[in-house]
Amino acid sequence: MFYAQTIEGRRVHANDYDRTQPLICPGCRARVYLKSGNKNVTHFAHYANSDCQQFSEGESQRHLLGKQLLYSWIKSQNIKVELEAWLPEMKQRPDLLLEIDHRRIALEYQCSPIPYKKLKERTQGYQNHGYEIYWICGIDYFPHERLRDKTRMFLQKNGSLVCLDSVNGLVYQFGDFQYNKYNKLTWVQQINNISLLNVNEFEKLYCDSIDRRVLQKTTMPYPKQIALLYKKDQRHRDFLSDLYVNQHALANLPAFLFTLPNKTLVYQIPAYMWKYAFLNQLQSRLTYSQVQTFIEKLPRYETLFYKEEPLLDFIKELEARKILKRIGKKEWQVSSFPLRNK
Ligand SMILES: [Zn+2]
């Protein structure tokens, strides 16, 4: 933390502290001490065994550096900004709080892991109290070969992930996450020196949509499709037993169920499973509320901001294949049943 306070409540910045009087944490009111030195960003720290809720971030050097960097970056644009501001109405202390026109914006620089539930509560807390909130992730959130759950939950509504490398002052925008036909995760990235961005451009990283690359699709080779019979994990066993109960043979399922990639960013099961289940429950008519009900039952990854519904794309594909015929805004007639007569 950069600001501690005297017993009387006066705020003191770490750089201005002359060590003549004891200082306490403005959150938990426990005694804090000054940490400084060549390797350290000068800051206040709790003594061991603190269970402070407001500065629970562990305050790594990267986190402290990031807060400092963001603060001076915003300040340099003549924007009203406060470090470690206390919001009593919601008992939160965002890393930074800024005011632009009449918008109140919280910036959180998240370096350490945070449980999904907490991320959701804090985000909704800000929104319910009229604050906008931008989460900026630390470098531990960079995407790797796969999208880890802790990273996925920060995907923004435009499909981007915004990270700050506070040591080098670089802002990373990772976006257009897509699986390719080998089910490998791909994305594009853009790196900016933070000093070359203004807040307006920064905000765009969160909302402007990125041009999606058109990646090739393919159909799973037939031998691989048959090899699914030997998969031993519970989901495949359930899938195969559904086929058995419904008297469908894996070998006879329509090839378009096995389009690759079969991974999506939002559903936890391969596409052939939910596509099969969807086709299997079709009656002569399909309504949008049935679609909703189906979607709600799908096992889904936790994504707080990012919304995508691959099933709706599949429905469009079924329309193109003349399996579904749209007969109203929210209704379809089922023209053929591709799982029957096989
Ligand atoms: Zn504290």
**Asked** If the chain between ASP238 and PHE294 were fully stretched, how many nm would it gain, using 0.36 nm times the residue separation less the Cα-Cα distance?
**Response** 18.4 nm
**Complete:** With the dipole of the chain defined by +1 on each Lys or Arg Cβ and -1 on each Asp or Glu Cβ, the option from PHE239, PHE174, LEU196 whose Cα lies farthest towards the positive pole is PHE239
**Request:** Using amide H atoms built 1.01 Å from N in the peptide plane, name the residues 5+ places from THR186, or on other chains, whose amide H lies under 5 Å from its own.
**Result:** GLN178, TYR179, ASN180
**Request:** Could you order peptides 65-74, 198-207 by the average number of other Cβ atoms within 10 Å of their residues, highest first?
**Result:** 65-74, 198-207
**Cα gyration tensor shape for segment 1-55, rounded if a/c is under 1.5, else prolate or oblate** = oblate
**Request:** Just order 16-24, 168-176, 237-245 by mean Cβ neighbour count inside 10 Å, highest at the front, would you?
**Result:** 168-176, 237-245, 16-24
**Request:** Provide the per-residue ³J(HN,Hα) series for segment 326-337, in order, calculated from phi with Karplus coefficients 6.51, -1.76, 1.60 and θ = phi - 60°, each as a whole number of Hz, with x at glycine and proline positions.
**Result:** 6, 10, x, 4, 10, 8, 10, 9, 8, 8, 8, 10
**Message:** Quick check on segment 57-207: what are the equivalent-ellipsoid semi-axes from the Cα gyration tensor, as sqrt(5λ), descending, whole Å?
**Reply:** 25, 18, 15
**Asked** Considering the chain as a Gaussian network with a 10 Å cut-off on Cα pairs, which listed residue, GLN292, GLN189, GLN92, attains the greatest mean-square fluctuation?
**Response** GLN292
**Additional length obtainable on full extension of the chain from SER50 to GLU8, 0.36 nm per residue less Cα span** = 13.0 nm
**Prompt:** If all Cα-Cα distances of the chain are sorted into 20 Å bins from 0 onward, what percent lands in each bin, rounded to whole numbers?
**Reply:** 25, 44, 24, 6, 0
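Taken together, the values in this text are just the output of simple stated rules run on the coordinates, not laboratory data. What you see is a predicted model; the values in this text were computed from it and never measured. Positions of Cβ are backbone-derived with ideal geometry, glycine not excepted, and every protein chain shown enters the neighbour counts.
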